[in-house]
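Student: Submitted below is the structure of interest, expressed as structure tokens.
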Amino acid sequence: GVPYFISGGAGAVLYAPPKMGGFYHYLEVHVGEEIEVRVIPLLRWLSIFPNSAKLEVGDTLRLRAFGADPTGRTISVGPPMWVRWTSSDTSVGRVDSVGTFVALSEGDVEVTVRCGLRYGRAHLSVVRSADTGDAGTSPVPEGYSLHSFPNPFNDVTSISFEVPAGCKVALGVYDVLGRKVRTLVDMSCGPGRYSAPWDGREVASGVYIVRMEAGEFSKAIKVTLLR
């Protein structure tokens, strides 16, 4: 029911309304026993949030995929776009078609999301309840925090943050003139520890500001991109 306007022959770039999450998409048509039409966004990059986490056996974690369209705008990647989620070890944990991961047994697992030619990955560790810390120690952070590692960095750095209670989190990267160059997170997060990658290969070397706003909490840190 979504209108498309073909700008060329078969397999050409198609225009999709902004409500689908981006401007430029194309269609893949797969012919087998049934004809499958896949809506594929043209992405500069694709990543998973959070890209690392520690869970207990039996936990469920909702993973989300984000990417950048050809204009550089950060978009949420999901239905009706064609997206495939996979787990490197289904005995440790399984992930469904919308990114919900269920921890089944102890171990480390890599979750991959694919959309077109782009891939995003998250590294998850599953432990028993007794392995999450000393008895009586809550895994919920006591306060807000924001860090980056490595810093200085070349190409990619990981921005980690903690929230002690559920809230809306906005995490963005700005240049020294205050112009936003990347939205890393813009969503509601439950209490916990998170990390989001920033790929700086599409911007110039220099100093950038990572700013976090979560409820009434606000913090900014400097990160340095070196070539």
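The values are calculated or read from the model by the stated rules, or taken from the named source; none is laboratory data. Here the structure is a predicted model, which is why all the values come from computation and not from measurement. For neighbour counting, all protein chains shown are included, and Cβ atoms are generated from backbone atoms with ideal geometry for every residue, glycine included.
Student: Within region 193-219, how many residues turn out to be surrounded by 14 or more Cβ atoms within 10 Å (Cβ to Cβ) and without any contact (Cβ under 8 Å) to a residue 60 or more places away in the chain?
Tutor: 7
Student: Right, something else. May I ask you to list the residues in region 84-136 that are modelled with pLDDT under 90, over 27 Å from Leu184 (Cβ atoms) and outside any loop (DSSP other than H, G, I, E, B)?
Tutor: Ser129, Ala130, Asp131
Student: Quick one: which residue in Phe161, Phe149 is modelled with pLDDT of 90 or more and aromatic (Phe, Trp, Tyr)? Step through it out loud before you land on a result.
Tutor: Details: Phe149 fails: modelled with pLDDT of 90 or more.
Checking each option against the conditions leaves just Phe161.
Student: Here's another thing I want to ask about it. If Gly58 meets every condition in (1) farther than 23 Å from Ser188 by Cα; (2) free of Cβ contacts under 8 Å to residues at least 60 places away in the same chain; (3) surrounded by fewer than 16 Cβ atoms within 10 Å (Cβ to Cβ) apart from one, which number is that one?
Tutor: Every listed condition holds for Gly58 apart from (1).
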